[in-house]
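The values are calculated or read from the model by the stated rules, or taken from the named source; none is laboratory data. The shown structure was predicted, so the numbers you read here are calculated from the model rather than taken from an experiment. Ideal geometry is used to build each Cβ from the backbone, glycine not excepted, and the neighbour counts take in all protein chains shown.
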Amino acid sequence: MKDNLTISTYQLFRMFPDEKSAREYLEKKRWNGKVICPYCGEIERVQNRKRDGYYRCLKCKKDFTVRTGTLFERSHIPLDKWINTMYLLVTSRKGIASLELSKIIGVTQKSCWFMLHRLREACKNDGMKLSGIVEADETFIGGLEKNKHENKKKHAGRGPKGKVVVMGMRERNGKVRARVIENEQSSTIKNEIKNNIQDGSTLCTDELKSYRGMNQYNHLIVNHSAKQFVDGMAHTNGIESVWALLKRGYYGTFHNFTPKHTQRYVDEFTFRLNEGNCKIESMIRVNALFNKAIGKRLTYKELKG
């Protein structure tokens, strides 16, 4: 089976029926036939240990596996289940809940919750700035007051109070960036735009006053309050489609984002729109997620703390 094919779940099970097949696949993707020590970078002086999948670096005297130095390090979950989880994360348009995942791969819901958050850690963007025509908008994440239990109501009145603010930017037919921000104040929004969009780009926004005064961009505005949604090249339809997808996942799959972890869920959705785009063949998306998992680590203590 070639790696660059879009495959079904059934084909995935056939490709990775056990831990060994998954380990050999990930070793090939990480090292391309030449094992490299993740501690010191040694290539020549690396030998196989008696136990399959274990190696020793004769330079730094440390043992390691393909998991070492990745988000899978010290995980007791078999690698074939990790690949299955990565496949489901990149192919499930609205995300997959930990309870549903637990039924598919046969792992406890608590372990699946931790697995998914570790993969969301890998979904963080690469930090490169957007350019060209970029749309910017903000949205609010949180349930309706009337639908909450009494002990969880904020009693903050109508509108966005008590909700998490997410700021998003999207290149026209290109990459997406989204960040949880503290508020909609001008300084906060301008700082996010400055950090994520190159000077000289064309910036398309709605009429929110916080966007005004950004002279380093060609700023185009659509007045939504006046029922104006497209004015020539100016519109925010692209970034609003991101919010539509995010909220379908929120209401239909997860039902709630804890404010503490909202950024991780946002990173997951933006990854699926970038490197994990459905226009890209499925195993290429899985490989992209694995590559982003190298060099990162998230412990359960850090996640809960």
Subject >> Checklist (1) within 30 Å of LEU99 (Cα to Cα); (2) of a type in the set (Gly, Ala, Ser); (3) free of Cβ contacts under 8 Å to residues at least 60 places away in the same chain applied to GLY252, failing item >> reply: (3)
**OP:** Please work out if LYS28 is under 25 Å from ASN277 (Cβ atoms) and surrounded by 20 or more Cβ atoms within 10 Å (Cβ to Cβ).
**Re:** no
Original post:
Which members of region 69-93 meet the condition of being more than 14 Å from LEU119 (Cβ to Cβ) and either of a type in the set (Gly, Ala, Ser) or surrounded by 17 or more Cβ atoms within 10 Å (Cβ to Cβ) (or both)?
Top reply: GLY69, PRO78, ASP80
Subject >> Wholly enclosed helices (runs of 4 or more DSSP H) of region 191-305 bearing at least 2 residues aliphatic (A, V, I, L, M) >> reply: 237-249, 262-273, 282-293
Original post:
Within region 8-17, can one find any residue that is under 15 Å from ASN291 (Cα atoms), at pLDDT 95 or above and of a type in the set (A, V, I, L, M, F, W, C)?
Top reply: no
**OP:** Scan region 111-127 residue by residue and report those that are over 18 Å from THR262 (Cα atoms) and either modelled with pLDDT of 95 or more or crowded, with 21+ Cβ neighbours inside 10 Å (or both).
**Re:** SER111
Original post:
Which condition number does TYR10 fail, the rest of (1) part of a helix (DSSP H, G or I); (2) surrounded by 13 or more Cβ atoms within 10 Å (Cβ to Cβ) being met?
Top reply: (2)
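The rows are residues; the columns are (1) more than 26 Å from CYS123 (Cα to Cα); (2) touching a residue at least 60 places away in the same chain (Cβ under 8 Å); (3) not aromatic (Phe, Trp, Tyr).
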{"position": "ALA178", "(1), (2), (3)": "no, yes, yes"}
{"position": "GLU182", "(1), (2), (3)": "no, no, yes"}
{"position": "ASN196", "(1), (2), (3)": "no, yes, yes"}
{"position": "ASP199", "(1), (2), (3)": "no, no, yes"}
{"position": "LYS209", "(1), (2), (3)": "yes, no, yes"}
{"position": "GLY213", "(1), (2), (3)": "yes, no, yes"}
{"position": "VAL222", "(1), (2), (3)": "yes, no, yes"}
{"position": "ASP231", "(1), (2), (3)": "yes, no, yes"}
Original post:
Does SER282 meet the test of being out of contact with any strand residue (DSSP E or B) (no Cβ under 7 Å at 6 or more places or on another chain) and polar (S, T, N, Q)?
Top reply: yes
Subject >> Filtered residues of region 78-101 (kept if among the β-branched types (Val, Ile, Thr), assigned to a helix (DSSP H, G or I) and in contact (Cβ under 8 Å) with a residue 60 or more places away in the chain) >> reply: ILE83, VAL90, THR91
Original post:
When you go through ARG74, ARG45, ARG14 one by one, which is the residue that is of a type in the set (Lys, Arg) and under 25 Å from THR299 (Cβ atoms)?
Top reply: ARG74
Original post:
Can you name the condition, by its number, that LEU26 falls short on among (1) within 16 Å of ALA293 (Cα to Cα); (2) outside any helix (DSSP H, G or I)?
Top reply: (2)
**OP:** Test each condition in (1) in contact with a strand residue (DSSP E or B) (Cβ under 7 Å, 6 or more places away or on another chain); (2) among the polar types (S, T, N, Q); (3) under 26 Å from ILE133 (Cα atoms) for SER241 and report the one that comes out false.
**Re:** (1)
Original post:
Restricting the search to region 32-53, which residues are surrounded by 12 or more Cβ atoms within 10 Å (Cβ to Cβ) and without any contact (Cβ under 8 Å) to a residue 24 or more places away in the chain?
Top reply: VAL35, ILE36, CYS40, GLU42, ILE43, ARG45, VAL46, ARG49
**OP:** Say whether the condition of being among the aliphatic types (A, V, I, L, M), in the same structural domain as GLY142 (by TED's automatic domain parsing) and within 19 Å of HIS117 (Cβ to Cβ) is met by at least one residue in region 271-289.
**Re:** no
